[in-house]
2 protein chains.
Amino acid sequence: SLEMDLCYRSTISIYKSILEQFNPALENLVYLGNNYLRAFHALSKAAEVYFKAIEKIGEQALQSSTSHVLGEILMQMSDTQRLLSSDLEVVAQTFHVDLLQHMEKNTKMDVQFITESQKQYELEYQRRATNLDKCMAELWRMERVRDKNVREMKENVMRLRSEMQAFVSESQREAELEEKRRYRFLAEKHQMLYNTLLQFYSRV
Amino acid sequence: SLEMDLCYRSTISIYKSILEQFNPALENLVYLGNNYLRAFHALSKAAEVYFKAIEKIGEQALQSSTSHVLGEILMQMSDTQRLLSSDLEVVAQTFHVDLLQHMEKNTKMDVQFITESQKQYELEYQRRATNLDKCMAELWRMERVRDKNVREMKENVMRLRSEMQAFVSESQREAELEEKRRYRFLAEKHQMLYNTLLQFYSRV
């Protein structure tokens, strides 16, 4: 029927969208995230070198006859920066382990999982459709020869059709759930990272 | 006298320390600060690319049948990041204009200024020392011939010596002031930058 056909197309297109859009986008995100981390570590390093130079000037000021207190202030700034930097390092670590590594693992497993789900669905759909067609042909033959078992066969066709309708609806719902779970995973993981960042900023 | 000689050495060593320690250290700091800025801009760029990818996934989720709200959340995250990033850009701009460019300008002018101050001080010290020596020699000659103007000459020597004492003390104080002003400039400028950062964090 038209309704079942629409269900079938929609289910297949969800599997396709997870495989061809979502997972490649997630893979790309892992790649960009690793670039992001590298840039973060480069910035940490640059900050460390800069404030080590400030600290050295602070030490010189400490030894001068005129600027002892200013030397202490400069060295304090360097210490503060070191603390800030090690706090931010924790956020970066969260980003790396909880988000990037998790996304990378998921993407790799998901390609296989979704490919197999789709294949299984296509086979099962085909099997049920073939079975239904066969019964309908049988029914048509019976009607032509006025077979007395025609009512029984009609009920059989009705049952198969409604079972198949339930099957394609359920399959579509499952595919939709898989899609939603993936977007939710992405949103939740980023929300957690954002909360870690907020905690960090509120402690400054 | 020994006291004047100590004053002279101390004054010269302050000029030397500004020229040979402070200014090269400041030049190095400008160099490291520019590296720091470059790393910051690279991080900004990486963040922008990462959250543009998140935004794109958000748009796909918006178009899906299952994950409209999750798509909105992902796109909101991308917007928030853009705002944070443009706030941080202001801090980086402060760092660049108020601190790095100012330090660079100061260093360049200061080398000439301190070199000339030191040269002028050495010449003036030499002139006064020579004059004092001449008067002392004259006094010694007068004493040998029992000259009647010996008291007057003694007073002259006393006056020159005390003037020179005042001169070397004042010169040392000025050199110390120059040194202190430089350390204070460095500390104040970094304190201002830190305050800008704190304002930013407290707004998050």
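Numbers below:
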quantity	calculated
Calculated FRET value between B:ARG9 and B:GLU188, using beta carbons and R₀ = 30 Å, to 0.05	0.50
Solvent-accessible heavy-atom area per residue, rounded to whole Å², over the stretch A:2-203 at 1.4 Å	59
Other copies of A:ARG146: label-to-label distances in nm, shortest first, labels 7 Å along the beta-carbon direction	17.8
Straight-distance crosslink candidates among lysines, where the alpha carbon sits under 21 Å from A:LYS45 and sequence neighbours closer than 8 are dropped	A:LYS56, B:LYS45
The stretch B:1-96, dipole about Cα centre (Lys/Arg Cβ +1, Asp/Glu Cβ -1), debye to the nearest 20	220
Pseudo-label separations to other copies for B:LEU19 - Cα-to-Cβ vector, 7 Å, nm	7.7
Nearest 10 degrees, 0 to 90: helix A:102-144 Cα axis against chain A principal axis	10
Positive dipole terminus of the stretch B:2-203, leading residue within B:LEU2, B:LEU29, B:ALA175 (C-beta point charges)	B:LEU2
Cα-based reach from B:LYS119 at 21 Å (exclusive), listing lysines while leaving out same-chain residues under 8 positions away	B:LYS16, B:LYS108, B:LYS180
Helix B:150-203 axis, angle to chain B major axis (alpha carbon atoms, nearest 10°)	0
Rg to Rh quotient for the stretch B:83-204, alpha carbon positions, Kirkwood Rh	1.39
Simple label model, 7 Å out from Cα along Cβ direction - B:VAL90 to A:LYS119, nm	5.7
Using a 7 Å Cα-to-Cβ projection, A:MET192 label spacings across copies, nm, ascending	4.4
Probe 1.4 Å - accessible area at B:GLU20, Å² to nearest ten	120
Difference of contour (0.36 nm per residue) and Cα-Cα distance, A:VAL111 to A:ASP98	2.6 nm
Cut-off 11 Å between beta-carbons: net charge of the residues surrounding B:MET103, Lys and Arg +1, Asp and Glu -1	0
Estimated dipole of the protein assembly as shown in Debye, rounded to 20 [Cβ of Lys and Arg +1, of Asp and Glu -1, Cα centre]	200
Point-charge dipole on Cβ atoms (K/R +1, D/E -1) for chain A, about Cα centre, debye to 20	720
Stokes-Einstein diffusion coefficient of the stretch B:2-203, Kirkwood radius over Cα pairs, 25 °C, 0.890 mPa s, in µm²/s	109
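The values are calculated or read from the model by the stated rules, or taken from the named source; none is laboratory data. In this text, all values refer to a predicted model and were calculated from it rather than measured experimentally. Counting neighbours? That spans all protein chains shown, and the Cβs are built from the backbone with ideal geometry, glycine included. For accessibility, only protein heavy atoms count, side chains too; no ligands or nucleic acids. Shrake-Rupley method; radii C 1.70, N 1.55, O 1.52, S 1.80 Å.
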